[in-house]
Amino acid sequence: MTTNTRGRDKMVQTAQESDDDRVKKSDDAMEMEIFNRVITDPSTLKSRIVQSKSIQREDAAVSDDDAPDARESQQRQGDQPTFAKLSAVDAARGVGGGRGRAEYRRIRCPAHRYTPLRECWEQILTPLVEYLKLQVRFNTRTRSVEIKTSKHTPETGSLQRGADFVGAFMLGFEPQDAVALLRLDDLYVESFQIADVKTLRGDHLSRAIGRVAGQDGKTRFAIENATRTRVVIADSRIHLLGSYGNIRLARNAICDLILGAPPGKVYNNMRNVAKRMNERY
C-alpha cells in the first residue's frame, strides 16, 4: 500500500515538473521571439529608444521634408560667406543702427616742426584726403593737426594709419619716408633716448651724439643704407622707421656707437649686414 502511494506521488511530482518545464520553455521562446523582433527592427540598431509607429511615421515625414535642405547645405558647405566692407562711420554706428559717430585724432605739433609743417602741408594733406578719405585741419590755437573720419572713409583703420603718418612727420621724418606707413603694414616707428643705453652728461653726451651722426651725417647714412631704415637724431632722442628686423639691426649699431665702439668697427659690421641682406633679397 505504501509503495503504491509513493509511486503516485512521484508521478504527480514528475508531471508538475514537466508542466513547469513547458511553461519555462514557452517563456524562453517568447523572449527569444521578442528579442529577434527587436534585433531585426532597423530602428533599434540606430538607437535604443523605442518609439511607436505613429512617431516613427512623423519622424520619417519630417526627415523627408528636410532632405532638400540637407542636400543644399552639403552643397554650400565649402562656400565662404562674403560681406561688404563697412566704412568707418558704419562701423561706429553700432548695433542700434543710430547715427554714426565720427572718430577723431589730434596730433600736437612741436615748436621746431611748425615751419616744416607749413612748408610740407600739401604733401601731408594729399595722401590723407585722397587716399584715406579723411578730414584734416590745423588748429592754430592749439597748434595741432586734427583728423576726423567721414562717410567716405573706406576702412576703420584709416584714422589710426593717418595719425601714425602725421606723428612720424612730427618726429622729424620726411613726408616721402613717412608716407610708407600708409602703404605698408609691416613698418613701425621706434624711439629711445641715449640715456636709456648709457647715462651720459655734458661733453660725453655731445660726443656720443656726434659718433652716431658722424661727419656730415656719414655714419647715419651708412646705417640707413645698410639696414634699409630711416634714422632721425633729435637732440638726445633717436627715432627709427622701418620693419621690425631692420630696426633691430639699426638699434644695435647705434647702441654700439653710444657705448663707445669705434666707427670703423661699426662700418665693418654694417658692411657685413648689407651683404647678408643683399644675398637674402
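The values are calculated or read from the model by the stated rules, or taken from the named source; none is laboratory data. Note that the coordinates shown come from a computational prediction; the quantities given were computed from them, not determined experimentally. Note that each Cβ is placed from the backbone with ideal geometry, even for glycine, and that neighbours are counted across all protein chains shown. We work out accessible area using only protein heavy atoms, side chains counted, and drop any ligands, DNA or RNA first. Shrake-Rupley method; radii C 1.70, N 1.55, O 1.52, S 1.80 Å.
Considering only residues in the range 115-137 that are open to solvent by 70 Å² or more (accessible area, probe 1.4 Å) and not in a loop (DSSP other than H, G, I, E, B), the one that is nearest to Glu103 (Cα to Cα) turns out to be Gln135.
Residues that are more than 14 Å from Tyr188 (Cα to Cα), open to solvent by less than 20 Å² (accessible area, probe 1.4 Å) and either of a type outside the set (A, V, I, L, M, F, W, C) or more than 24 Å from the chain's Cα centre (by Cα) (or both) within the range 138-171 comprise Ser144, Val145, Glu146, Ile147, Thr149, Ser150, Thr153, Ser158, Met170, listed in sequence order. Here Asn252 meets the list (1) touching a residue at least 24 places away in the same chain (Cβ under 8 Å); (2) under 34 Å from the mean Cα position of the chain (by Cα) almost entirely, failing just condition (1).
Scanning the range 139-171 for residues that are closer than 17 Å to Pro116 by Cα and among the small types (Gly, Ala, Ser) turns up Ser144, Gly167, Ala168. Taken over the range 183-198, residues that are within 28 Å of the chain's Cα centre (by Cα), touching a residue at least 24 places away in the same chain (Cβ under 8 Å) and surrounded by fewer than 18 Cβ atoms within 10 Å (Cβ to Cβ) amount to 5.
Scanning the range 257-281 for residues that are touching a Lys or Arg at 6+ places or on another chain (Cβ under 8 Å) and aliphatic (A, V, I, L, M) yields Leu257, Ile258, Leu259, Met277.
Condition first: in contact (Cβ under 8 Å) with a residue 12 or more places away in the chain and among the charged types (D, E, K, R). Can you find one or more residues in the range 241-248 that meet it?
No, there is no match, as no residue in the range 241-248 is in contact (Cβ under 8 Å) with a residue 12 or more places away in the chain and among the charged types (D, E, K, R).
Scanning the range 199-212 for residues that are surrounded by 16 or more Cβ atoms within 10 Å (Cβ to Cβ), of a type outside the set (Lys, Arg) and assigned to a helix (DSSP H, G or I) yields Leu205, Ala208, Ile209, Val212.
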